[in-house]
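Undergrad: Structure below; questions to follow.
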Amino acid sequence: MTTTTRIWPSEVARATVPTGALPTPVIDIHSHAMPLPLLEWLAAGGLADLSDRATGSVSIDPAVCGLNRGAAIPFPPEQFDVEARIRSMDAAGVSIHAVSAPPFLFASESTDDALTLEVVRKSNDALAEFVGQAPDRLVGMATLPVGLTEASDELRRCVDELGFAGATIGTYGGSAELDAPVNEPLWDELSKRQILVLVHPSRVSDRTRLADYHLVQLLGYPVETGLAVSRLVFGGVLDRYDLRLCLAHGGGCLPGITPRLDLGWERKSSARKVDRPPSDYLRKLMYDTAVFDDDVLARLIGRVGVSNVLMGSDFPFDLADRSPLQSVRGLDLTDEEKQLILGGNAVRYLSGHTRAGSASAGTASTAEQRGAL
């Protein structure tokens with residue numbers, strides 16, 4: 001198995017920045033890939049249909065993808081072709097993609113734990129090979145099978161052996177919510193290693209009611225993020241562990257319902273399970289910029305602060321922010337603040353753990369790595 005070459009802060013700072021980009025490397029924290037070898041393996045097992053690949057879409061079995069059977073998943077060349085991806089990055093002025101598998105490969109709703117673990121492991125292996133083709137432009141984000149006892153082992157394998165720089169998790173898995181006891185060892189390991197985790201919605205509560213109008217993703221996903229993170233708050237997970245969580249799509253509906261969560265915490269004894277109001281916890285989480293509206297993004301930054309917002313586009317899906325740099329550059333912020341969102345914050349958060357394992361010759365402490373900037 002070929003290991004992934006990591007990009008650490010000193011190396012990120014020296015990475016090639018496309019013409020016109022700001023001096024700080026521009027890092028997209030929320031980008032996806034579906035390597036073709038993985039899809040071919042799924043198809044060979046009857047879990048994917050690649051017959052429409054030439055027209056730009058594939059379908060994956062509902063047990064794996066969490067969508068209705070036959071749902072078309074966009075499959076542009078950038079999902080599997082590194083050269084096409086780099087061309088798109090250059091055109092957009094993006095220096096580095098933090099690449100994660102999309103939720104359609106999480107198997108969040110599968111009741112077959114063995115299948116879930118096999119899909120996740122093969123997905124991580126394929127992603128390591130994918131980002132390894134352009135180690136100066138791509139870094140891997142490991143998929144962790146939440147709800148399974150093997151999640152911590154997969155985290156260690158991906159960081160220590162495959163060289164991933166961060167991780168991604170779904171909002172549900174293994175028939176368990178994120179605040180379920182089965183996930184405690186994973187939270188403990190993530191907290192100790194201070195690894196950045198992209199929290200991405202990976203299911204919806206009722207696919208039947210959301211079946212029309214693409215509402216699974218348009219509405220169901222933002223609500224799912226709010227549900228999952230609310231459980232982390234009220235379940236005390238964010239009290240017990242110091243986690244670096246970045247919420248996809250600007251936290252979905254969460255910023256908008258935070259005052260209501262605070263009200264419930266204040267007035268409902270069943271919600272008074274933690275010592276502080278939910279807003280205290282939510283201000284300490286991180287959020288990507290994929291909210292698709294300048295005013296919404298400005299309000300998010302005003303609520304959680306510049307240091308907690310990272311540029312993310314959801315590339316290369318059709319629901320992505322196609323001009324993420326412009327979304328940030330158009331804000332009423334200082335140049336320094338814009339550079340933090342465009343890449344400075346990501347450099348710091350992606351460097352939160354010490355190099356280890358076979359991909360880590362010449363270990364440096366976190367402090368040394370940050371000093372190299």
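Undergrad: Sorting 96, 86 by accessible area (1.4 Å probe), largest first, what list results?
TA: Details: 96 5, 86 35 Å².
These residues rank, largest area first, as 86, 96.
Undergrad: What is the set of long-range amide H partners of residue 99 at a cut-off below 5 Å, with H atoms built 1.01 Å from backbone N?
TA: The list, which skips near neighbours in sequence, is 139, 140, 141.
Undergrad: Then there is this: Over 10 Å intervals from 0, what percent of Cα-Cα pairs in region 91-235 sits in each interval?
TA: 12, 41, 34, 13, 1
Undergrad: OK, next. Probe of 1.4 angstrom, ligands and nucleic acids ignored: what's the accessible area per residue over the chain, in square angstrom? Before the final figure, lay out the partial values.
TA: Numbers: 15010 Å² over 373 residues.
Ligands and nucleic acids excluded, the result is 40 Å² per residue.
Undergrad: Got the relative contact order for the chain handy, in percent, Cα pairs under 8 Å and 6 or more residues apart? Provide the component values of the computation, followed by the final result.
TA: On the way: 758 pairs, mean separation 73.6, N = 373.
Worked out over the chain, it gives 20 percent.
Undergrad: Related question: When 1/r is averaged over all different Cα pairs and the result inverted, which Kirkwood radius in Å belongs to region 69-108?
TA: Working: mean 1/r = 0.0842 Å⁻¹.
One decimal place: 11.9 Å for the Kirkwood radius.
Undergrad: Using only Cα atoms, what Kirkwood radius does region 164-301 have, in angstroms? Don't jump to the answer; show the numbers that get you there.
TA: Working: mean 1/r = 0.0641 Å⁻¹.
In region 164-301 this quantity evaluates to 15.6 Å.
Undergrad: Cα atoms only, region 151-225: Rg and Dmax in Å?
TA: In order Rg, Dmax, the Cα atoms of region 151-225 give 14.7, 43 Å.
Undergrad: Given the whole protein assembly as supplied and a 1.4 Å probe, what does the accessible area of residue 270 come to in Å², nearest 10?
TA: 90 Å²
Undergrad: Run the dipole for region 80-152 about the Cα centre, Lys and Arg Cβ at +1, Asp and Glu Cβ at -1, nothing else charged, and hand back the magnitude in debye, nearest 20.
TA: 260 debye
Undergrad: Further question on the same structure: Summarise the accessible area of the chain (1.4 Å probe, protein heavy atoms) by the percent that is carbon and sulfur. Kindly include the intermediate steps, with their values, before the conclusion.
TA: Numbers: 7320 of 15010 Å².
Within the chain, the accessible surface is 49 percent carbon and sulfur.
Undergrad: In whole Hz, with x marking every Gly and Pro, tabulate ³J(HN,Hα) for region 94-108 from phi via Karplus 6.51 cos²θ - 1.76 cosθ + 1.60, θ = phi - 60°.
TA: Coupling constants for region 94-108: 9, 7, 9, 9, 8, 9, 10, 5, x, x, 5, 10, 8, 6, 4 Hz.
Undergrad: Amide H neighbours of residue 247 under 5 Å, at least 5 residues apart or on other chains, H built in the peptide plane: list them.
TA: The list, which skips near neighbours in sequence, is 199, 286, 287, 288.
Undergrad: Semi-axes of the equivalent ellipsoid for the chain, please: Cα gyration tensor eigenvalues, times 5, square-rooted, ordered largest first, whole Å. Provide the component values of the computation, followed by the final result.
TA: Details: eigenvalues 143, 135, 94 Å².
Whole-Å semi-axes of the equivalent ellipsoid: 27, 26, 22.
Undergrad: How much FRET efficiency would the formula 1/(1 + (r/R0)^6) give for residue 263 and residue 294, where r is the Cβ-Cβ distance and R0 is 30 Å, rounded to 0.05?
TA: Details: r = 28 Å, r/R0 = 0.94.
Working from the Cβ atoms, E equals 0.60.
Undergrad: Given the chain, what count of lysine pairs have C-alpha atoms under 24 Å apart, with each pair 8 or more places apart or on different chains? Each step should come with its number before you reach the end.
TA: On the way: 192/284; 268/284; 273/284; 284/338.
Lysine pairs satisfying the spacing and distance rule in the chain number 4.
Undergrad: Name the chymotrypsin sites (Phe, Trp or Tyr not before Pro) in region 28-131 that are in a loop by DSSP and that have at most 12 other C-beta atoms within 10 Å, would you? Show your work: numbers first, answer last.
TA: Details: sites: 41, 80, 104, 106, 130; in loops: 80, 106.
Answer in residue order: no site qualifies.
Undergrad: Then there's this: Show me, for region 71-88, the HN-Hα J-couplings you get by feeding each phi into the Karplus relation (A = 6.51, B = -1.76, C = 1.60, θ = phi - 60°), rounded to Hz, glycine and proline as x.
TA: Calculated HN-Hα couplings, in order: 4, 7, 9, x, 9, x, x, 5, 5, 9, 10, 5, 5, 5, 5, 4, 4, 5 Hz.
Undergrad: Let me ask you something else. Placing unit charges on C-beta atoms (Lys and Arg positive, Asp and Glu negative, everything else neutral), compute the dipole magnitude of region 60-185 about its Cα centre in debye, rounded to 20.
TA: Numbers: 8 positive and 20 negative charges, 78 e Å.
Dipole about the Cα centre, nearest 20: 380 debye.
Undergrad: I'd like the projected area of region 271-332, averaged over all directions, using the convex hull of its alpha carbons. Report it in nm² with one decimal. Display every interim value, and only then the final one.
TA: Details: hull surface 20.9 nm².
For region 271-332, averaging the hull's shadow over all directions gives 5.2 nm².
The values are calculated or read from the model by the stated rules, or taken from the named source; none is laboratory data. This structure is a prediction, so every number in the text was calculated from the model and none was measured. When we count neighbours, we look across all protein chains shown, and the Cβ atoms used for this are built from the backbone with ideal geometry, even at glycine. Heavy atoms of the whole protein, side chains included, go into the accessibility calculation; ligands, DNA and RNA do not. Shrake-Rupley method; radii C 1.70, N 1.55, O 1.52, S 1.80 Å.
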